[in-house]
Amino acid sequence: TAIWGLLSGKYTLNRAGYLLSKSMIWHGLILPALSILPLFIKFIQTLRQAYDTGKRWPYLGNAFKYFTAGLVTLYGMTHASVERSTWWLGCFIAATIYQIAWDSFVDWELMVFVPRSVSSSTLRKPNLRSWRIVNFCRRIRDMFPYIRLRPKRLFDDDSYYRKALFINAALRCCWMYGFIPAYRVSIADGSTQVTFVDKAHGWSFVLLATLEIFRRSIWGIIKVELETIKLMGSEGGENDLDKAGTADEY
């Protein structure tokens with residue numbers, strides 16, 4: 001009604017905006033559906049990629065990322081901030097950690113696992129009890145690989161990649177927070193419920209959007225670098241188009 005009144009000239013822009021701000025259908029159904037739609041499209045896209053390629057990995061893992069993000073944001077949009085339990089906060093943190101790990105190990109392939117080499121110190125057999133405990137701990141440690149930056153990189157400065165990893169981890173929560181509106185109108189009783197506590201007088205959403213754009217720019221630089229390395233090939237500088245990624249994960 002508000003949109004039709006605005007288009008027909010029956011309502012002014014302020015009047016139409018006021019009606020939309022009080023609309024239960026707009027806040028309870030249309031806005032949540034429009035917010036979840038991009039995540040749902042990406043979820044379906046990753047499932048289709050798994051079906052077309054006949055490979056479960058990494059497409060199902062990527063689908064799980066969008067599935068969990070959609071559930072967390074949908075619950076945040078449809079429940080007031082005071083109604084959310086610690087379970088929601090825990091799920092939000094777990095989903096964010098999964099997204100950070102996915103960016104670092106899969107999308108960027110920036111972090112790789114390297115097997116540990118058994119050092120000669122672990123083969124010692126001293127009589128001291130303390131050294132036996134130390135050697136035992138070293139053997140346990142050597143059973144697990146350690147994590148390092150991938151060996152093939154285009155930038156010489158390793159600190160650039162560490163800064164990118166830190167910024168991506170620090171700002172990853174902005175992606176899901178950006179889907180949650182400031183308030184919602186309850187379909188049950190028509191009351192206005194605060195869903196996002198904004199202490200910056202409306203500037204919080206501007207800040208979130210700016211930080212997310214900044215994070216995505218860094219994400220894109222590292223992703224383009226990875227695809228460039230794959231296209232150049234491992235030997236002889238020959239192009240290898242089959243090795244290039246085809247999914248535009250975010």
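The values are calculated or read from the model by the stated rules, or taken from the named source; none is laboratory data. Because the structure is predicted, anything quoted here is derived from the model rather than measured. For neighbour counting, all protein chains shown are included, and Cβ atoms are generated from backbone atoms with ideal geometry for every residue, glycine included. These accessible areas exclude ligands, DNA and RNA; they are computed on the full protein's heavy atoms, side chains included. Shrake-Rupley method; radii C 1.70, N 1.55, O 1.52, S 1.80 Å.
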- Message: So if I check each of Lys243, Lys199, which one is within 28 Å of Leu89 (Cα to Cα) and modelled with pLDDT under 75?
- Response: Lys199
- With respect to the numbered conditions (1) under 18 Å from Ala80 (Cα atoms); (2) modelled with pLDDT of 90 or more, which one is the sole condition not fulfilled by Val194? (2)
- Close pairs (6 angstrom Cβ cut-off, 6 or more residues apart or separate chains): of a type in the set (Phe, Trp, Tyr) in the range 52-69, part of a helix (DSSP H, G or I) anywhere: Tyr59/Thr46; Tyr59/Gln49; Tyr59/Ala50; Tyr66/Leu39; Tyr66/Lys42; Tyr66/Phe43; Phe67/Phe43
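Say whether the condition of being part of a loop (DSSP other than H, G, I, E, B), open to solvent by less than 100 Å² (accessible area, probe 1.4 Å) and modelled with pLDDT under 80 is met by at least one residue in the range 124-141. Reasoning before the result, please.
Narrowing the range 124-141 to residues part of a loop (DSSP other than H, G, I, E, B): 124-128.
Checking the rest, the ones that are also open to solvent by less than 100 Å² (accessible area, probe 1.4 Å) come to 126.
Now restrict to residues that are modelled with pLDDT under 80: 126.
Within the range 124-141, one or more residues are part of a loop (DSSP other than H, G, I, E, B), open to solvent by less than 100 Å² (accessible area, probe 1.4 Å) and modelled with pLDDT under 80.
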- Does the range 228-236 contain at least one residue that is at pLDDT below 85 and open to solvent by less than 30 Å² (accessible area, probe 1.4 Å)? yes
- Answer yes or no as to whether Phe179 is loosely packed, with under 14 Cβ neighbours inside 10 Å, among the aromatic types (Phe, Trp, Tyr), modelled with pLDDT under 95 and assigned to a loop (DSSP other than H, G, I, E, B). no
- Message: Looking at the range 37-95 only, could you name the residues that are part of a loop (DSSP other than H, G, I, E, B) and modelled with pLDDT of 90 or more?
- Response: Gly54, Lys55, Arg56, Trp57, Pro58
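Based on this model, can you work out whether Ser217 counts as hydroxyl-bearing (Ser, Thr, Tyr) and modelled with pLDDT of 85 or more?
yes
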